[in-house]
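Dropping a structure here in structure tokens format, bear with me for questions.
Bear in mind these aren't lab numbers, they're just calculated from the coordinates by the rules spelled out. Everything numeric here is computed off the predicted structure, so don't read it as measured data. Counting neighbours? That spans all protein chains shown, and the Cβs are built from the backbone with ideal geometry, glycine included.
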Amino acid sequence: MDRNAESHKIHKGFLKKVDKSTKAISLDSFIKKNKIKNTIILKIDVDGFEMNVLKSCKKILKTNSPIIFMEYAPYTMIEQGSSVKEFKKFISKYHYNIFDLNFKKLKNINIIDGASTDIVLIKNK
């Protein structure tokens, strides 16, 4: 991490250096490679790259129905070229519902601009 880099204007975190030499693997590939077959719980906190992570595990979303805990920060999604609309459409396509950390189902996530909250995604059975 480059501490000389500017911090994020809202959450004050520092960007970890990622370049072409940084290896990336989809969650689907990781799960297959490591022969993970049991219940899967994902924790996603990737500062706006949530759609990248979710798209990397489409197969697992269909077959294993993981429970997903994630930080929800709409402003970071927008910064990274995604949107709340795209996120909601995607989780709906895979039949997930949104819950708060007390497992109360949420129809809407009320959040002020520039803030974040933790949510849980659970697939309809």
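Determine the dipole magnitude for segment 27-123: charges of +1 sit on the beta-carbon of Lys and Arg, -1 on that of Asp and Glu, nothing else is charged, the reference point is the Cα centre, and the result goes in debye to the nearest 20.
840 debye
Can you list the residues, at least 5 places off or on another chain, whose amide H is less than 5 Å from the amide H of ILE40, using H built in the peptide plane?
ILE67
Given H placed on each backbone N at 1.01 Å, which residues far from TYR96 in sequence or on other chains put an amide H within less than 5 Å of it?
Those qualifying (amide H under 5 Å, at least 5 residues apart or on another chain) are ASN124.
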